[in-house]
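Heads up, the thing below is written out as C-alpha coordinates.
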Amino acid sequence: MEVRKLQLIGGSSYMVSLPKNWVKSNELRQGDDIFLQVEDSVITLYPRSFKEFARVTSVQIDELPRFDEKFVRRYIYALYLQGIDEIVLTDKKINARTVSRIGEIVKDLIGMEIIDASEGKIVLKCLTSTDFDVYGVVRRMTQIIQSMIETVIEGIEKSDTETLKDIQNLEKDSDRLYLLAVRQEHRLVREFSSPSKWNELRLILGIRTVAKLLEEISDALYNFSTYAVEMKPEELKEVKKYFEKLNKAFEKLSKSYFNSDVSLSEESIEDLEKLEEILLENMKGSVYYRLALETLLSACRHMKSIGEIAFNKSVRESLKEMRKSEKMRSEVGTR
(Lines give C-alpha, C1' and ligand atoms only; values in the text may rest on other atoms or scores of the structure.)
Protein backbone atom coordinates (compact mmCIF):
# COMPACT_ATOMS: atom_id res chain seq x y z
CA MET A 1 0.00 0.00 0.00
CA GLU A 2 1.38 3.40 -0.98
CA VAL A 3 1.38 6.30 1.47
CA ARG A 4 1.00 9.90 0.27
CA LYS A 5 1.36 13.09 2.30
CA LEU A 6 -1.63 15.40 2.68
CA GLN A 7 -0.60 18.93 1.66
CA LEU A 8 -2.28 22.24 2.41
CA ILE A 9 -2.49 24.57 -0.60
CA GLY A 10 -3.81 28.09 -0.75
CA GLY A 11 -4.55 28.13 2.96
CA SER A 12 -7.96 26.46 2.59
CA SER A 13 -7.62 23.38 0.35
CA TYR A 14 -5.88 20.03 0.74
CA MET A 15 -4.17 18.00 -1.97
CA VAL A 16 -2.87 14.44 -2.37
CA SER A 17 -0.70 13.58 -5.40
CA LEU A 18 -1.67 10.64 -7.62
CA PRO A 19 0.78 7.85 -8.57
CA LYS A 20 2.33 8.54 -11.98
CA ASN A 21 1.91 4.94 -13.15
CA TRP A 22 -1.84 5.02 -12.34
CA VAL A 23 -2.25 8.28 -14.30
CA LYS A 24 -0.40 6.84 -17.31
CA SER A 25 -2.19 3.45 -17.30
CA ASN A 26 -5.57 5.24 -17.34
CA GLU A 27 -4.35 7.61 -20.13
CA LEU A 28 -5.11 10.71 -18.07
CA ARG A 29 -3.90 14.23 -18.80
CA GLN A 30 -3.90 17.51 -16.97
CA GLY A 31 -7.44 18.88 -16.81
CA ASP A 32 -9.15 15.47 -17.13
CA ASP A 33 -12.06 14.72 -14.80
CA ILE A 34 -11.53 12.41 -11.82
CA PHE A 35 -14.66 11.14 -10.04
CA LEU A 36 -14.69 11.08 -6.24
CA GLN A 37 -17.06 8.74 -4.42
CA VAL A 38 -17.25 9.83 -0.77
CA GLU A 39 -18.65 7.24 1.67
CA ASP A 40 -18.19 7.79 5.40
CA SER A 41 -14.41 7.79 6.03
CA VAL A 42 -13.47 6.39 2.59
CA ILE A 43 -12.94 8.23 -0.71
CA THR A 44 -12.66 6.23 -3.93
CA LEU A 45 -11.19 7.83 -7.07
CA TYR A 46 -12.32 6.77 -10.55
CA PRO A 47 -11.09 7.89 -13.96
CA ARG A 48 -13.93 8.87 -16.30
CA SER A 49 -13.38 5.76 -18.46
CA PHE A 50 -14.05 3.45 -15.48
CA LYS A 51 -17.30 5.19 -14.53
CA GLU A 52 -18.48 5.08 -18.14
CA PHE A 53 -17.66 1.36 -18.36
CA ALA A 54 -19.55 0.67 -15.11
CA ARG A 55 -22.65 2.25 -16.67
CA VAL A 56 -22.55 0.16 -19.86
CA THR A 57 -25.93 -1.54 -20.25
CA SER A 58 -26.01 -2.01 -24.02
CA VAL A 59 -23.76 -4.11 -26.26
CA GLN A 60 -23.60 -4.83 -29.98
CA ILE A 61 -22.29 -8.23 -31.04
CA ASP A 62 -21.26 -8.61 -34.69
CA GLU A 63 -20.94 -12.09 -36.18
CA LEU A 64 -21.20 -14.68 -33.42
CA PRO A 65 -18.33 -17.20 -33.55
CA ARG A 66 -20.82 -20.08 -33.57
CA PHE A 67 -24.51 -20.29 -34.34
CA ASP A 68 -25.63 -23.63 -32.92
CA GLU A 69 -28.45 -23.35 -30.37
CA LYS A 70 -26.40 -24.58 -27.41
CA PHE A 71 -23.70 -21.95 -27.95
CA VAL A 72 -26.18 -19.10 -28.59
CA ARG A 73 -28.12 -20.00 -25.42
CA ARG A 74 -24.96 -19.98 -23.32
CA TYR A 75 -23.81 -16.69 -24.89
CA ILE A 76 -27.12 -14.85 -24.32
CA TYR A 77 -27.31 -16.20 -20.76
CA ALA A 78 -23.79 -14.89 -20.06
CA LEU A 79 -24.69 -11.39 -21.30
CA TYR A 80 -27.94 -11.42 -19.29
CA LEU A 81 -26.09 -12.46 -16.13
CA GLN A 82 -23.62 -9.58 -16.57
CA GLY A 83 -26.53 -7.16 -16.16
CA ILE A 84 -26.71 -6.02 -19.79
CA ASP A 85 -30.10 -4.42 -20.56
CA GLU A 86 -29.89 -4.33 -24.37
CA ILE A 87 -28.22 -6.87 -26.67
CA VAL A 88 -27.94 -6.14 -30.40
CA LEU A 89 -26.93 -9.19 -32.47
CA THR A 90 -25.97 -8.59 -36.09
CA ASP A 91 -25.01 -11.48 -38.35
CA LYS A 92 -25.84 -12.33 -41.96
CA LYS A 93 -26.82 -15.83 -40.80
CA ILE A 94 -29.76 -14.48 -38.79
CA ASN A 95 -33.08 -15.44 -40.39
CA ALA A 96 -36.69 -16.12 -39.34
CA ARG A 97 -35.80 -19.53 -37.95
CA THR A 98 -32.95 -18.06 -35.89
CA VAL A 99 -35.28 -15.41 -34.46
CA SER A 100 -37.74 -18.13 -33.47
CA ARG A 101 -35.03 -20.17 -31.71
CA ILE A 102 -33.71 -17.14 -29.82
CA GLY A 103 -37.29 -16.29 -28.86
CA GLU A 104 -37.54 -19.69 -27.18
CA ILE A 105 -34.20 -19.15 -25.41
CA VAL A 106 -35.14 -15.79 -23.86
CA LYS A 107 -38.40 -17.19 -22.46
CA ASP A 108 -36.27 -18.56 -19.62
CA LEU A 109 -34.87 -15.09 -18.81
CA ILE A 110 -37.15 -12.88 -16.72
CA GLY A 111 -37.84 -9.59 -18.48
CA MET A 112 -35.81 -10.29 -21.65
CA GLU A 113 -37.75 -9.86 -24.90
CA ILE A 114 -37.06 -9.52 -28.62
CA ILE A 115 -38.10 -5.94 -29.45
CA ASP A 116 -36.79 -5.84 -33.03
CA ALA A 117 -35.95 -8.54 -35.56
CA SER A 118 -35.09 -8.45 -39.24
CA GLU A 119 -32.82 -10.24 -41.69
CA GLY A 120 -29.36 -10.09 -40.17
CA LYS A 121 -30.30 -8.36 -36.90
CA ILE A 122 -31.99 -9.09 -33.54
CA VAL A 123 -32.42 -6.62 -30.67
CA LEU A 124 -33.06 -8.06 -27.20
CA LYS A 125 -34.05 -5.84 -24.30
CA CYS A 126 -34.63 -6.46 -20.60
CA LEU A 127 -37.91 -4.73 -19.76
CA THR A 128 -37.87 -5.31 -16.01
CA SER A 129 -36.68 -2.73 -13.51
CA THR A 130 -33.16 -3.36 -12.25
CA ASP A 131 -34.11 -1.77 -8.97
CA PHE A 132 -35.71 -4.82 -7.37
CA ASP A 133 -35.11 -6.26 -3.93
CA VAL A 134 -32.68 -9.17 -4.30
CA TYR A 135 -33.96 -10.54 -0.98
CA GLY A 136 -37.41 -10.61 -2.58
CA VAL A 137 -36.13 -12.91 -5.33
CA VAL A 138 -34.69 -15.36 -2.78
CA ARG A 139 -37.88 -15.16 -0.72
CA ARG A 140 -39.92 -16.07 -3.81
CA MET A 141 -37.58 -19.02 -4.46
CA THR A 142 -38.24 -20.32 -0.93
CA GLN A 143 -41.99 -20.00 -1.57
CA ILE A 144 -41.64 -22.04 -4.77
CA ILE A 145 -39.77 -24.81 -2.92
CA GLN A 146 -42.46 -24.79 -0.22
CA SER A 147 -45.05 -25.22 -2.98
CA MET A 148 -43.04 -28.06 -4.52
CA ILE A 149 -42.90 -29.93 -1.19
CA GLU A 150 -46.62 -29.38 -0.54
CA THR A 151 -47.45 -30.50 -4.11
CA VAL A 152 -45.55 -33.76 -3.54
CA ILE A 153 -47.36 -34.38 -0.24
CA GLU A 154 -50.74 -33.66 -1.89
CA GLY A 155 -49.95 -35.93 -4.85
CA ILE A 156 -49.01 -38.80 -2.54
CA GLU A 157 -52.10 -38.31 -0.34
CA LYS A 158 -54.42 -38.39 -3.38
CA SER A 159 -52.42 -41.09 -5.20
CA ASP A 160 -52.33 -38.64 -8.11
CA THR A 161 -49.12 -39.00 -10.12
CA GLU A 162 -50.31 -36.29 -12.54
CA THR A 163 -50.03 -33.77 -9.69
CA LEU A 164 -46.37 -34.69 -9.31
CA LYS A 165 -45.78 -33.63 -12.92
CA ASP A 166 -46.68 -30.04 -11.92
CA ILE A 167 -43.34 -29.95 -10.11
CA GLN A 168 -41.59 -29.37 -13.45
CA ASN A 169 -43.21 -25.96 -13.97
CA LEU A 170 -42.27 -24.86 -10.45
CA GLU A 171 -38.69 -26.01 -11.01
CA LYS A 172 -38.48 -23.92 -14.19
CA ASP A 173 -39.72 -20.85 -12.27
CA SER A 174 -37.01 -21.46 -9.68
CA ASP A 175 -34.33 -21.62 -12.40
CA ARG A 176 -35.53 -18.34 -13.94
CA LEU A 177 -35.44 -16.59 -10.56
CA TYR A 178 -31.94 -17.91 -9.90
CA LEU A 179 -30.69 -16.38 -13.17
CA LEU A 180 -32.34 -13.09 -12.18
CA ALA A 181 -30.62 -13.20 -8.76
CA VAL A 182 -27.21 -13.75 -10.40
CA ARG A 183 -27.87 -10.90 -12.85
CA GLN A 184 -28.64 -8.50 -10.01
CA GLU A 185 -25.63 -9.71 -8.03
CA HIS A 186 -23.30 -8.81 -10.92
CA ARG A 187 -24.79 -5.32 -11.14
CA LEU A 188 -24.52 -4.75 -7.38
CA VAL A 189 -20.93 -6.01 -7.21
CA ARG A 190 -19.95 -3.16 -9.54
CA GLU A 191 -21.72 -0.65 -7.30
CA PHE A 192 -20.23 -2.01 -4.07
CA SER A 193 -16.60 -2.21 -5.22
CA SER A 194 -15.30 0.41 -2.74
CA PRO A 195 -13.94 -0.62 0.72
CA SER A 196 -16.73 1.19 2.58
CA LYS A 197 -19.28 -1.06 0.83
CA TRP A 198 -17.58 -4.39 1.56
CA ASN A 199 -20.18 -5.37 4.15
CA GLU A 200 -22.96 -4.91 1.59
CA LEU A 201 -20.87 -6.81 -0.98
CA ARG A 202 -20.45 -9.74 1.42
CA LEU A 203 -24.22 -9.76 1.97
CA ILE A 204 -24.89 -9.84 -1.80
CA LEU A 205 -22.45 -12.71 -2.33
CA GLY A 206 -24.12 -14.58 0.55
CA ILE A 207 -27.51 -14.14 -1.08
CA ARG A 208 -26.06 -15.51 -4.35
CA THR A 209 -24.92 -18.65 -2.48
CA VAL A 210 -28.36 -19.13 -0.91
CA ALA A 211 -30.04 -18.65 -4.30
CA LYS A 212 -27.79 -21.32 -5.81
CA LEU A 213 -28.58 -23.76 -2.97
CA LEU A 214 -32.31 -23.11 -3.42
CA GLU A 215 -31.98 -23.79 -7.14
CA GLU A 216 -30.21 -27.10 -6.33
CA ILE A 217 -33.03 -28.02 -3.90
CA SER A 218 -35.67 -27.37 -6.56
CA ASP A 219 -33.68 -29.58 -8.99
CA ALA A 220 -33.58 -32.37 -6.38
CA LEU A 221 -37.34 -32.12 -5.79
CA TYR A 222 -37.99 -32.24 -9.53
CA ASN A 223 -35.79 -35.36 -9.81
CA PHE A 224 -37.80 -36.91 -6.96
CA SER A 225 -41.04 -36.36 -8.87
CA THR A 226 -39.67 -38.28 -11.87
CA TYR A 227 -38.85 -41.29 -9.64
CA ALA A 228 -42.07 -41.05 -7.62
CA VAL A 229 -44.29 -41.90 -10.60
CA GLU A 230 -42.51 -45.28 -10.79
CA MET A 231 -42.79 -46.11 -7.06
CA LYS A 232 -45.20 -48.49 -5.35
CA PRO A 233 -48.08 -47.06 -3.24
CA GLU A 234 -46.56 -48.37 0.02
CA GLU A 235 -43.22 -46.75 -0.86
CA LEU A 236 -44.92 -43.42 -1.55
CA LYS A 237 -46.72 -43.66 1.78
CA GLU A 238 -43.37 -44.14 3.53
CA VAL A 239 -41.77 -41.25 1.66
CA LYS A 240 -44.65 -38.93 2.62
CA LYS A 241 -43.48 -39.07 6.26
CA TYR A 242 -40.03 -37.86 5.23
CA PHE A 243 -41.50 -35.05 3.16
CA GLU A 244 -43.58 -33.84 6.11
CA LYS A 245 -40.41 -33.66 8.24
CA LEU A 246 -38.60 -31.87 5.39
CA ASN A 247 -41.47 -29.39 5.08
CA LYS A 248 -41.39 -28.46 8.79
CA ALA A 249 -37.61 -28.13 8.76
CA PHE A 250 -37.70 -25.90 5.67
CA GLU A 251 -40.35 -23.64 7.22
CA LYS A 252 -38.07 -23.09 10.24
CA LEU A 253 -35.10 -22.60 7.95
CA SER A 254 -36.82 -19.89 5.89
CA LYS A 255 -37.91 -17.98 9.01
CA SER A 256 -34.45 -18.23 10.56
CA TYR A 257 -32.77 -16.86 7.43
CA PHE A 258 -35.07 -13.92 6.78
CA ASN A 259 -35.50 -13.00 10.47
CA SER A 260 -31.83 -13.60 11.44
CA ASP A 261 -32.93 -15.91 14.27
CA VAL A 262 -29.87 -17.78 15.57
CA SER A 263 -31.87 -20.18 17.79
CA LEU A 264 -34.24 -21.13 14.97
CA SER A 265 -31.24 -21.60 12.64
CA GLU A 266 -29.72 -24.11 15.04
CA GLU A 267 -33.06 -25.86 15.48
CA SER A 268 -33.55 -26.25 11.71
CA ILE A 269 -30.00 -27.64 11.31
CA GLU A 270 -30.65 -30.20 14.07
CA ASP A 271 -33.96 -31.23 12.46
CA LEU A 272 -32.27 -31.69 9.08
CA GLU A 273 -29.42 -33.70 10.62
CA LYS A 274 -31.95 -36.06 12.21
CA LEU A 275 -33.79 -36.44 8.90
CA GLU A 276 -30.48 -37.11 7.15
CA GLU A 277 -29.78 -39.97 9.58
CA ILE A 278 -33.26 -41.46 9.02
CA LEU A 279 -32.85 -41.32 5.24
CA LEU A 280 -29.45 -43.02 5.38
CA GLU A 281 -30.82 -45.77 7.66
CA ASN A 282 -33.70 -46.49 5.25
CA MET A 283 -31.74 -46.46 1.99
CA LYS A 284 -33.08 -49.83 0.87
CA GLY A 285 -35.92 -51.15 -1.29
CA SER A 286 -36.63 -50.85 -5.01
CA VAL A 287 -34.32 -48.92 -7.34
CA TYR A 288 -36.73 -46.00 -7.73
CA TYR A 289 -37.32 -45.84 -3.97
CA ARG A 290 -33.57 -45.61 -3.30
CA LEU A 291 -33.12 -43.00 -6.04
CA ALA A 292 -36.00 -40.99 -4.54
CA LEU A 293 -34.37 -41.06 -1.10
CA GLU A 294 -31.08 -39.94 -2.67
CA THR A 295 -32.80 -36.83 -4.03
CA LEU A 296 -34.35 -36.13 -0.62
CA LEU A 297 -30.94 -36.56 0.99
CA SER A 298 -29.48 -34.08 -1.49
CA ALA A 299 -32.25 -31.53 -0.74
CA CYS A 300 -31.72 -32.08 2.98
CA ARG A 301 -27.98 -31.39 2.76
CA HIS A 302 -28.47 -28.23 0.67
CA MET A 303 -31.02 -27.00 3.22
CA LYS A 304 -28.53 -27.67 6.00
CA SER A 305 -25.98 -25.50 4.16
CA ILE A 306 -28.53 -22.66 4.07
CA GLY A 307 -29.09 -23.23 7.80
CA GLU A 308 -25.37 -22.72 8.45
CA ILE A 309 -25.40 -19.51 6.36
CA ALA A 310 -28.48 -18.33 8.31
CA PHE A 311 -26.70 -19.10 11.60
CA ASN A 312 -23.56 -17.15 10.59
CA LYS A 313 -25.67 -14.26 9.28
CA SER A 314 -27.59 -14.10 12.57
CA VAL A 315 -24.38 -14.05 14.64
CA ARG A 316 -22.84 -11.37 12.38
CA GLU A 317 -25.91 -9.14 12.68
CA SER A 318 -26.08 -9.59 16.46
CA LEU A 319 -22.41 -8.53 16.71
CA LYS A 320 -23.20 -5.47 14.61
CA GLU A 321 -26.00 -4.55 17.03
CA MET A 322 -23.69 -5.12 20.02
CA ARG A 323 -21.05 -2.78 18.55
CA LYS A 324 -23.71 -0.17 17.83
CA SER A 325 -24.93 -0.36 21.45
CA GLU A 326 -21.37 -0.12 22.79
CA LYS A 327 -20.71 2.93 20.62
CA MET A 328 -23.87 4.62 21.86
CA ARG A 329 -22.92 3.90 25.51
CA SER A 330 -19.41 5.28 25.02
CA GLU A 331 -20.79 8.44 23.38
CA VAL A 332 -23.17 8.97 26.30
CA GLY A 333 -20.30 8.40 28.75
CA THR A 334 -18.11 11.09 27.16
CA ARG A 335 -20.78 13.78 27.41
> In terms of Cα to Cα distance under 21 Å, which lysines are near enough to K70, apart from those fewer than 8 places away along the same chain?
Replying inline: K92, K93, K107, K121, K125, K172
> Which one is right for this structure if semi-axes √(5λ) of the Cα gyration tensor in Å is calculated from it: (1) 41, 22, 19; (2) 33, 20, 20; (3) 46, 33, 14?
Replying inline: (3)
>> How would the range 84-175 be classified by its alpha-carbon gyration tensor: rounded, prolate or oblate, with rounded meaning a/c under 1.5 and the a/b versus b/c comparison settling the rest?
In response: oblate
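At 0.36 nm per residue, and after removing the present C-alpha to C-alpha distance, how many nm does the segment from K92 to K248 gain when stretched out fully? Present the calculation step by step, with values, prior to reporting the outcome.
Numbers: separation 156, 0.36 × 156 = 56.16 nm, distance 5.55 nm.
Contour length minus Cα-Cα distance gives 50.6 nm.
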>> For a quick check, take a GNM of the chain with Cα springs below 10 Å and name the residue from V210, V23, V59 with the largest mean-square fluctuation.
In response: V23
> Say we join alpha carbon atoms closer than 10 Å with springs in a Gaussian network model of the chain; which of Y14, Y46, Y222 then has the biggest fluctuation?
Replying inline: Y14
> When the chain is fully extended, how far beyond the present Cα-Cα distance does K241 get from T44, taking 0.36 nm per residue of separation?
Replying inline: 65.3 nm
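Between E321 and D108, what FRET efficiency comes out of the Förster formula 1/(1 + (r/R0)^6) with R0 = 30 Å and r the beta carbon distance, rounded to 0.05?
Numbers: r = 41 Å, r/R0 = 1.35.
Approximately 0.15, to the nearest 0.05.
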> If one takes the longest principal axis of the Cα atoms in the chain, at what angle in degrees, from 0 to 90 and to the nearest 10, does the Cα axis of helix 233-259 lie?
Replying inline: 20
> Under 23 Å Cα-Cα from K5, which lysines qualify once same-chain neighbours fewer than 8 residues away are excluded?
Replying inline: K20, K24
> Counting only protein heavy atoms and using a 1.4 Å probe, what share of the accessible area of the chain belongs to carbon plus sulfur, as a whole percent?
Replying inline: 50
>> If I model a spin label as a point 7 Å beyond the Cα along the Cα-Cβ vector, how far apart are those points for A78 and T226 in nm?
In response: 2.7
>> Using a 7 Å offset from the Cα along the Cα-to-Cβ direction at both F71 and I115, what is the distance between the two label points in nm, to one decimal?
In response: 2.8
> Residue by residue through the range 291-306, which ³J(HN,Hα) values in whole Hz follow from phi under the Karplus form 6.51 cos²θ - 1.76 cosθ + 1.60 (θ = phi - 60°), with glycine and proline marked x?
Replying inline: 5, 4, 5, 4, 5, 5, 5, 4, 4, 4, 5, 5, 4, 4, 5, 5
> Calculated FRET efficiency, L291 and T161, Cβ-Cβ r, R0 25 Å, to nearest 0.05?
Replying inline: 0.95
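Percent relative contact order of the range 198-335, based on C-alpha pairs within less than 8 angstrom and at least six residues apart? Let's see the in-between values first.
On the way: 122 pairs, mean separation 47.8, N = 138.
Computed over the range 198-335, the figure is 35 percent.
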>> Among L127, L319, T226, which residue has its Cα furthest toward the positive end of the charge dipole of the chain, with +1 on Lys/Arg Cβ and -1 on Asp/Glu Cβ?
In response: L319
>> Quick check: the angle from helix 198-228's long axis to the longest principal axis of the chain, C-alpha only, nearest 10 degrees?
In response: 20
> For K121, which sequence-distant residues (separation of 5 or more, or a different chain) have an amide H within less than 5 Å of its own amide H, given hydrogens modelled in the peptide plane?
Replying inline: D91
> Using 1/(1 + (r/R0)^6) with R0 = 51 angstrom and r between the beta carbons of Q7 and N169, what's the FRET efficiency to the nearest 0.05?
Replying inline: 0.20
>> Taking θ = phi - 60°, what integer Hz values does the Karplus form 6.51 cos²θ - 1.76 cosθ + 1.60 yield along the range 163-168, in sequence order, with x for Gly and Pro?
In response: 4, 4, 6, 5, 4, 4
> Which angle between 0 and 90 degrees, to the nearest 10, do you get for helix 262-281 versus the longest principal axis of the chain when only C-alpha atoms count?
Replying inline: 40
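Per the helix-only calculation at 222 nm, which mean residue ellipticity applies to the chain, given -39500 (n - 2.57) for every DSSP H run of n ≥ 4 and division by its residues, nearest 500 deg cm²/dmol?
Details: 11 runs with 215 residues, N = 335.
When only DSSP H runs of four or more count, the value is -22000 deg cm²/dmol.
Below 14 angstrom from the Cβ of T90, what's the summed charge of the other residues (Lys, Arg +1; Asp, Glu -1)?
Numbers: positive: K92, K93, K121; negative: D62, E63, E86, D91, D116, E119.
Computed value for this residue: -3.
Scale the Cα Rg of the range 76-122 by the rule-of-thumb value 2.2 N^0.38 Å and send over the ratio, two decimals. Intermediate results must be reported in sequence, preceding the final value.
Values: Rg = 10.4 Å, N = 47, 2.2 N^0.38 = 9.5 Å.
It is 1.10.
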>> I want the local charge near K304. Using Cβ-Cβ distances under 9 Å, sum +1 for each Lys or Arg and -1 for each Asp or Glu among the other residues.
In response: -2
> Could you give me the ³J(HN,Hα) list for the range 144-152, computed from phi with Karplus coefficients 6.51, -1.76, 1.60 and θ = phi - 60°, whole Hz, x at Gly and Pro?
Replying inline: 5, 5, 4, 5, 4, 5, 5, 5, 4
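The values are calculated or read from the model by the stated rules, or taken from the named source; none is laboratory data. Given the structure is predicted, the values throughout are model-derived calculations rather than measurements. Here the Cβ is made from the backbone with ideal geometry for all residues, glycine too, and neighbour counts use every protein chain on show. In case anyone asks, the SASA skips ligands and DNA or RNA and just uses the protein heavy atoms, side chains included. Shrake-Rupley method; radii C 1.70, N 1.55, O 1.52, S 1.80 Å.
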